[in-house]
Amino acid sequence: DAKTTQPNSMESNEEEPVHLPCNHSTISGTDYIHWYRQLPSQGPEYVIHGLTSNVNNRMASLAIAEDRKSSTLILHRATLRDAAVYYCLQYGGSQGNLIFGKGTKLSVKP
Amino acid sequence: DTEVTQTPKHLVMGMTNKKSLKCEQHMGHRAMYWYKQKAKKPPELMFVYSYEKLSINESVPSRFSPECPNSSLLNLHLHALQPEDSALYLCASSQEIRRATGELFFGEGSRLTVL
C-alpha cells in the first residue's frame, strides 16, 4: 500500500511558485523521499529526491520537514508544461517495491 | 542513451489471444519493472527483476507472465486476458533495486485493449 498522502488536486497561475505538499508520517530513518511527475499521455518522469536536507535541481526544489514526516515540492515558476500529476514516494532501497500513491493533479492557468 | 523503449505502443487483443509486450534499455541498468496503470489511477507495481531474476511479484494473475532474457530486455507475455486487464502497461528501469537514491526511468507505455 502507498505510504504517502497528497491532496488530490491543486491549481496554480503561470509564472507563480507552486508548493506541492506530501505527508509520509510512517517514514523510516533510511527511506528517501522521491518525487515523480506524469505528463498527459507519457510515462512518469523523475523530478527530485532527498533524505534530510533540502535539495535543489534544475526542475524543482524539495523542502523536507525536520521530523521528516512531510515534504514539499517547490516549482519556482510554474509553466503550462508543468501541468501533470505529481507523485511523492518513500523508498528505502530494499526490494525494489516503489509504490505510487494517488498523486496531486496540478493545473496551471495562463 | 537514457531511454526505455516499449513496443508496441498500442495493442488490441481478444481474450483467447497470446501476445507479448517488450521493453528495452541500454543504460546498463540491472533492475527492471512492470507497472499497470488504469485511467486516472496511479501506476500499480506488478513485477520487479533484479539481475535478471524475479524479485517481486505483486500477486499478479498467472495470465501475465514476465520474462527477463537478458539485462537489457524485459518481456510481458499475455494469455487469456480479460477486458478488465485493458490498461497502460509501463516498463521502467533503474541501476539497482538496493539503491534508495536510484532514479527510475520509465518508457511511454504500451496501451492494451482486451476485447
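The values are calculated or read from the model by the stated rules, or taken from the named source; none is laboratory data. Note that the structure is a prediction, hence the values are computed from the model and not measured. Note that each Cβ is placed from the backbone with ideal geometry, even for glycine, and that neighbours are counted across all protein chains shown. Just the protein is used for accessible areas: all its heavy atoms, side chains included, with ligands, DNA and RNA removed. Shrake-Rupley method; radii C 1.70, N 1.55, O 1.52, S 1.80 Å.
Quick rundown of the values:
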{"quantity": "Largest to smallest accessible area among B:His26, B:His10 [probe 1.4 Å]", "calculated": "B:His10, B:His26"}
{"quantity": "Carbon plus sulfur fraction of accessible area for the protein assembly as shown, probe 1.4 Å, in percent", "calculated": "47"}
{"quantity": "Charge sum, other residues only, whose C-beta stays under 13 Å from A:Met59's C-beta, Lys/Arg counted +1 and Asp/Glu -1", "calculated": "+1"}
{"quantity": "In Å², nearest 10: area of A:Tyr32 left accessible to a 1.4 Å probe", "calculated": "50"}
{"quantity": "Summed side-chain charge close to A:Val108 - residues other than A:Val108 whose Cβ falls under 13 Å, Lys, Arg +1, Asp, Glu -1", "calculated": "0"}
{"quantity": "Charge tally in the Cβ shell below 12 Å around A:Trp35, where Lys, Arg are +1 and Asp, Glu are -1, A:Trp35 excluded", "calculated": "-1"}
{"quantity": "Solvent-accessible surface (1.4 angstrom probe) belonging to B:Ser62, in square angstrom, nearest 10", "calculated": "110"}
{"quantity": "Inter-part distance where region B:1-76 and region A:1-30 are each reduced to a Cα centre, Å", "calculated": "28"}
{"quantity": "Filter on A:Lys3/B:Lys19; A:Lys3/A:Lys109; A:Lys69/B:Lys22; A:Lys69/B:Lys41; A:Lys3/B:Lys18; A:Lys69/B:Lys19 - keep pairs with C-alpha separation over 32 Å", "calculated": "A:Lys3/B:Lys19; A:Lys69/B:Lys22; A:Lys3/B:Lys18; A:Lys69/B:Lys19"}
{"quantity": "Probe 1.4 Å - accessible area at A:Thr30, Å² to nearest ten", "calculated": "100"}
{"quantity": "Shielding by partners, peptide B:103-114 (average Cβ within 10 angstrom, other chains)", "calculated": "3"}
{"quantity": "5 angstrom amide H check on B:Ser86, placed H, neighbours 5+ away", "calculated": "B:Val114"}
{"quantity": "Percentage relative contact order, region B:36-97, counting C-alpha pairs under 8 Å, at least six apart", "calculated": "32"}
{"quantity": "Value of relative contact order over chain B, rounded to a whole percent, pairs C-alpha under 8 Å and six or more apart", "calculated": "37"}
{"quantity": "Segment B:His77-B:Asn57, length gained on full extension (0.36 nm per residue, minus Cα span)", "calculated": "5.8 nm"}
{"quantity": "Loss of accessible area when B meets A, both sides summed, Å² nearest 100, probe 1.4 Å", "calculated": "1700"}
{"quantity": "Whichever aspartates and glutamates have a C-alpha closer than 20 Å to that of B:Lys9, once near sequence neighbours (fewer than 8 apart) are set aside", "calculated": "A:Glu45, B:Asp1, B:Glu24, B:Glu44, B:Glu67, B:Glu84, B:Asp85, B:Glu108"}
